[in-house]
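Participant: Supplied in structure tokens, the structure appears directly below.
The values are calculated or read from the model by the stated rules, or taken from the named source; none is laboratory data. What you see is a predicted model; the values in this text were computed from it and never measured. Note: ideal-geometry Cβ built from the backbone for every residue, glycine included; neighbour counts use all protein chains shown.
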Amino acid sequence: MSHMFIPGPVDVDPDVLEAQAQPMMPHRSAEFNDFFRGTEAKLKKVFLTDTRIFQHPSSGTGMQETGVRNLAQKDVLSCVNGAFSERWYQVAVTNGKQADRLDANWGDIIEPDQLAEALKKKPYEIVTIVHNETSTGVENPLKELASVVHEVSPDTLILVDAVSSLGGVKIETDEWGLDFILTSSQKCLALPPGMCFAAVSDRSLKKAETVEGRGWYFDLLRMEKHRIKNSTAMTPTMSLIWALDVQLDKMLAEGLENRYARHQAMAERVQTWALENGMETLAPEGYRSKTVSTIKNLRGVDIAALNKYLLSKGMRIANGYGDLKNKTFRIAHMGETQMHHIDELLDAFETFMEKM
Ligand SMILES: *Cc1c(COP(=O)(O)O)cnc(C)c1O
């Protein structure tokens, strides 16, 4: 077996990789436009939305930039409890927005009450929330956070980064009233890197009409103008779109509910194993990610040596992120990872620890 347990880029199934090898075609052609309409229709099912999906040629961070740049003229509230929510705050600041931070410790969730307090102090145009913090393995209570925004500050748009969870964890885009929700190709969707996707509400597009300095490449209104013609303003990532089509078919064939259940079962398996082996997750119970487990390295495992051993068996895990390096390690269980992969990894991990 050869399998990676790192939280992106994740392993891509061989048939999906092969789909990329199809010949190119003109992107301004009925043939391509039909194909592109098809992938949008399938993506809407995965995003649980009836609105629209942008299929954009940049990594997920480009969609973080699109969100803050198009949907706020000035006032942004950034919920920050890990590396990727910190990045979104930095993206807002470097785009000239007046961004306030709502901080929680790395490893903790953003509390709905804490968000309600912040929203009562100032009328924010948008709030940014990372659903699944890939650095800490914490899943924020998105449904509760969204309902707080609707209650306390109904005009504030809700922007969500679901890069490491969408498709693997149920997120009810329309039902929960999320205005802008983005993901990248290379994590939970199990595609090669290079592309991102976002579901965007009608009121978001209305708001974008009033915002200046939206730029060109990341202008939502330009994206929409082309989307309605089943196209993109610039050359699309054609090979990736061939792969996307095959991968979406696989996801829908497995069934989204089955997919969510598989991710949850793998998370429980890894997290129970950690406890049984004298370790624990950084995240508190009830908020542990279903796609990536960040585990405190309480056994003092040499992560570099462990990975060297795992690599000899064709596997690898991820070290902790930033300051959490060596203090934690991360085991991703997303995309096409199956329970038998997890079993094999944990067996090898135990063998390594016995030899320590
Ligand atoms: C990986 C990741 C990103 C960054 O995505 P890129 O596609 O690398 O730009 C953003 N947010 C989260 C939660 C991530 O895990």
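Residues checked against (1) farther than 24 Å from residue 153 by Cα; (2) hydrophobic (A, V, I, L, M, F, W, C); (3) away from the ligand (no atom under 16 Å from the Cβ):
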residue	(1), (2), (3)
16	yes, yes, yes
41	yes, yes, yes
45	yes, no, yes
58	yes, no, no
73	no, no, yes
78	no, no, no
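Participant: Name the residue that is surrounded by the fewest Cβ atoms within 10 Å (Cβ to Cβ), counting only residues in segment 34-66 that are touching a helix residue (DSSP H, G or I) at 6+ places or on another chain (Cβ under 9 Å) and of a type in the set (Lys, Arg).
Facilitator: 45
Participant: If you check every pair at least six apart or on different chains, which have Cβ atoms under 8 Å apart with a residue in segment 83-102 that is closer than 26 Å to residue 137 by Cβ first and a residue that is surrounded by fewer than 22 Cβ atoms within 10 Å (Cβ to Cβ) and of a type in the set (Ser, Thr, Tyr) second?
Facilitator: Cβ pairs passing all conditions: 83/321; 87/61; 91/61.
Participant: On to the next question. Cβ-Cβ below 6 Å, separation at least six or inter-chain, first residue in segment 254-275 and in the same structural domain as residue 350 (by TED's automatic domain parsing), second crowded, with 21+ Cβ neighbours inside 10 Å and of a type in the set (Gly, Ala, Ser): which pairs?
Facilitator: Listed pairs, sorted by first residue: 263/168; 270/293; 271/293.
Participant: For segment 168-194, which residues satisfy the criterion of being among the hydroxyl-bearing types (Ser, Thr, Tyr) and within 14 Å of the ligand (Cβ to nearest atom)?
Facilitator: Once the filter is applied, which keeps residues that are among the hydroxyl-bearing types (Ser, Thr, Tyr) and within 14 Å of the ligand (Cβ to nearest atom), segment 168-194 yields 183, 184, 185.
Participant: Further question: Note down all Cβ pairs under 8 Å where the first residue falls in segment 145-165 and is within 26 Å of residue 195 (Cα to Cα), the second is away from the ligand (no atom under 16 Å from the Cβ) and among the basic types (Lys, Arg), and they're at least six residues apart or on different chains.
Facilitator: Going by the 8 Å Cβ cut-off, the qualifying pairs are 157/203; 157/207.
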